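Read-outs throughout are calculated quantities, based only on the coordinates presented, and are distinct from any laboratory measurement. These figures come from a predicted structure and were not determined experimentally. Counting neighbours? That spans all protein chains shown, and the Cβs are built from the backbone with ideal geometry, glycine included.
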Amino acid sequence: MPITIYHNPRCSKSRQTLALLEKRGLEPKVIEYLVTPPTEAELKRLLKLLGLQPRELLRTKEDEYKQAKLDRPDVTDAEILRAMVKYPRLIERPIVVSGNKAALGRPPENVLKIL
């Protein structure tokens, strides 16, 4: 079954997760999501596979979080999704997808449950 990792090579958890997969002899398709950001439809699919709401996949410490005014209590899921497409750094990482399952690599060992 093909495995995909939404990866940021500058993130230590993302690098550790990729190394963990490779150590197990797996060759995941690597999508550097800052270079090739997911579309809104792809994000919705990832959220469904992860079983998360948009806010749960949101990195709140990035500058873009405040830039996009996502710290408002009335911000909608649609606004969060649009911001994630525009500013992919807002997406928590890494995300590993295997078939119809996905997991966040935080901690990296978390992805083993979907393999």
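Just a few scattered comments:
- Pairwise FRET efficiency - C11 versus E40, Cβ, R0 = 22 Å, nearest 0.05: 0.45
- Convex hull (Cα only) mean projected area of the chain, reported in nm² to one decimal: 6.7
- Dipole check for the chain: with +1 at the C-beta of Lys and Arg, -1 at the C-beta of Asp and Glu, and the Cα centre as origin, the magnitude is about 200 Debye.
- On Cα atoms only, tilt of 77-86 relative to the major axis of the chain in degrees: 70
- The helix-only estimate of mean residue ellipticity at 222 nm for the chain, built from DSSP H runs of length n ≥ 4 each weighted as -39500 (n - 2.57), is -9500 deg cm²/dmol after division by the residue total.
- Note on the chain: dipole from Cβ charges, positive end direction compared against L20, L58, L46; the farthest Cα belongs to L20.
- Between helix 40-50 and the chain there is an angle of about 60 degrees, using the helix long axis and the longest principal axis of the Cα atoms.
- Spatial separation of Cα centroids for the stretch 38-84 and the stretch 1-34, in angstrom: 22
- Set K13/K101; K29/K69; K69/K113; K23/K86; K23/K69 screened for pairs whose C-alpha atoms are more than 29 Å apart: K29/K69; K69/K113; K23/K86; K23/K69
- Length gained when the stretch Q53-R106 is fully extended (0.36 nm per residue, less Cα-Cα span): 17.4 nm
- Degrees, to the nearest 10: 12-23 long Cα axis against longest axis of the chain: 30
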